[in-house]
1. Once amide H atoms are placed 1.01 Å from N in the peptide plane, what residues at a sequence separation of 5 or more from G307, or on another chain, have their amide H within under 5 Å of its amide H?
2. Taking the Cα centre of each part, how many Å lie between the range 29-83 and the range 598-653?
3. For the range 210-283 and the range 310-347, compute the distance between their C-alpha centroids and round to whole Å.
4. Please turn the phi angles of the range 228-235 into ³J(HN,Hα) values with the Karplus equation 6.51 cos²θ - 1.76 cosθ + 1.60 (θ = phi - 60°), one per residue in order, whole Hz, x for glycine and proline.
5. Please list, in order along the range 604-613, the HN-Hα scalar couplings obtained from phi with the Karplus expression 6.51 cos²θ - 1.76 cosθ + 1.60 (θ = phi - 60°), rounded to whole Hz, x for Gly and Pro.
6. Once you charge only the Cβ atoms, +1 for Lys and Arg and -1 for Asp and Glu, what is the size of the charge dipole of the chain about its Cα centre, to the nearest 20 debye?
7. Between P287, A325, L242, whose Cα lies farthest towards the positive end of the dipole of the range 213-337 when Lys and Arg beta carbons carry +1 and Asp and Glu beta carbons carry -1, centred on the Cα centre?
8. Taking a ≥ b ≥ c as the square roots of the Cα gyration tensor eigenvalues, with a/c under 1.5 meaning rounded and otherwise prolate when a/b beats b/c, else oblate, which class fits the range 349-506?
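Every number here is computed from the coordinates shown, using simple stated rules; none is lab data. Keep in mind that what you see is a predicted model, and the values were worked out from it rather than measured. All Cβ positions, even for glycine, are placed from backbone atoms using ideal geometry, and neighbour counts span all protein chains on display.
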Amino acid sequence: MPDLLIELFSEEIPARMQAKAAENLRKRVTDGLVEAGLTYAGARAFATPRRLTLVVSDMLAASAPVREERKGPKADAPDKAIEGFLRSTGLTRAQLETRETPKGEVLFAVMEKPGRPAAEIIAEVLETTIRSFPWPKSMRWGAGSLRWVRPLHRILCILQGEDGTEVVPLEVDGITSADLTEGHRFLAPGAFKVSGFDDYVAKLRRAKVILDPEERAGHIWADATNQAFASGLEVVEDKGLLAEVAGLVEWPVVLMGEIGEEFLELPPEVLQTSMKEHQKFFSVRDPKSGKIVRFVTVANNEAADGGAMILAGNRKVLSARLSDAKFFWENDLRVAKSGMQTWRDALGAVTFHNKLGSQEARIARIADLAAELAPQIGAEAEAARRAAGIAKADLSSEMVYEFPELQGLMGRYYAEAAGHPAEVAAVAEEHYQPLGPSDAVPTAPLSVAVALADKLDTLTGFWAIDEKPTGSKDPFALRRAALGVIRILLENGLRLKLSKYFVSGLMLDPEAQRLHLDWMEAEQKLHETVPDSEEWTRRNLISLEMNKREHELHDRKASDLVSFFHDRLKVFLRDEGIRHDVIDACLAMPGNDDLLLVVTRARALSEVLKTEDGENLLQGFKRANNILTQAEEADGVEYSYGADPKFAETEEEKALFAALDTAEAAITPALEAEDFAAAMAAMAGLRGPVDAFFEAVQVNAENAILRRNRLNLLSRIRTTCGAVADLTRIEG
């Protein structure tokens, strides 16, 4: 079974596109081969700056013959029907078979397609792949019509089998396939032949090309860390930068250089960001001082002087970049030490959203909400207000304008320079957290208060103007904000009724504002009239109606936003193994806008349902609920009270009465104390008596008194278990 090797050799492919392009090449070619009947054992794709490579191993040498049988019209069908069938099959009337069926004689077409050699199929699939390749951006060059990310120079396409190697004949826009490739642009220019994948990899390495991007990345990291270690230093880990740099070079040569002495007092994060964004340099840190003192660059060439000239040029360019950063830093420090008021005022001219006002207005809302939240979190209200007021001031700074990714971090430096306490300065950095699912959440009370206020203002504001996420689109990162709120509440063990804090944000709704103004106007006119007069009564009714409509609008949007939180909560708890129906059973209980309460209840219920007692009790509950529901529908009454042990005939009935008394006595105080584990343990203890009851007792007895009493007893089971969670929502 032959192996297929494909290489598409071009000018430099942007590093950010390489991994996706390699995967697209693998998927499109292998899908096309399989669809055409060529199966294989394995496929791997690789990318370097100048080539996309695919190797497909143990592929069929030809596709299998295909025999297709298609049923047509009856033999005596109208001529037009038969002619249409012939056109669809490509056969003549003489080639059709007539077969006897229960419905009479029917025409059948039997079409046999011979197998095709692999080379023929590969050529078709590869040409289609090249011409329709999904580059994010592509270009045309010369007089041809082919579009590629950069000019395509060569197509290597060979099949290696037991009989040797053959070139798959293919021509795309004047580029003819061959068994030729090229090495490193500078270190080994020129073309050479290859006979298969192993030969290809070996010859590329001799031609100063490392094919595997993971191997290039590993080489860069090992060499960089070794050089740093030899100087008593350490390289700052950055996996994203490592992957990008590995996509910029085919033969990585790692060089370490020094940073000018005048820049070493810049914050480490500024140095790191400037070198990464502008130069693609790794930062090298002194573990003793924590300062960034050197840089690592990766060249694509082996210089005769050991890289001295390369490093000199890099240091010169880096000094210019860091001079800018130093200028920004010094200017910003002067503003910070003057109190940052200039920056705060400037945010009044910065639009947050055209329907939600300026950044200054948003910060004022966040400050008010943070002060409202603070006492519930253990922070002082006015301290939270002050911290929120300066938390986003750095958005106006020169450094953050140049490097937006440093927002918050620079705010902490500037707040410290302005003389604010460390816990207040920390709010500027921490209130953005968590930025992602693996990011840490703030734990300091002030930071928690402002972080929650920031995210809740974002959510309520965009909810107010009906800019909610739809499908996969979430341009304002509202899902991330909701998940951030959930994680902050759960990981800090905070009990908050979220809907209480939606009011000010939802008032940004233009309709809510109009209703509020109408209500205020109606109230003003009400106070201007004589009490208890006919006009006063009329105006009072108008005022009440305006107030009612305003509250209905708020309640509707608040309920919708709470449901959004519930959906995010289900996604968040999925990794814990808590099923959606378990969460739904807990969300159906009162207080479902207190997410910590919901989760505590859901975790306890989930643990109970994992036990044999819990699972069997659930089945007993469902049986009781089904019997009771059917009886209530049939009788047109509700069996919700009146179960009396004096009418119990069997020992199992009496035992169930006693067990329910015991369970209720334990469940009620446990729920009041919000000890859901204890409440559900008491509920699970009903499993035995409930099972015994259903095994021994006929609920729908002929005696009407016994039947009614037993149905009321089932109602007690439903009520007792339903106090813990809505078990009707549990599946199974």
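1. none
2. 58 Å
3. When both Cα centres are located, 22 Å separates them.
4. Going residue by residue, I get 5, 4, 4, 9, x, 10, 9, 7 Hz, with x marking Gly and Pro.
5. Once θ is set to phi - 60°, the couplings for the range 604-613 become 5, 5, 4, 5, 5, 6, 7, 8, 5, 4 Hz.
6. Working: 88 positive and 115 negative charges, 378 e Å.
Dipole about the Cα centre, nearest 20: 1820 debye.
7. With unit charges placed on the Cβ atoms, the residue in question is A325.
8. Values: a/c = 1.41, a/b = 1.13, b/c = 1.25.
Rounded shape, in that the Cα axes give a/c under 1.5.
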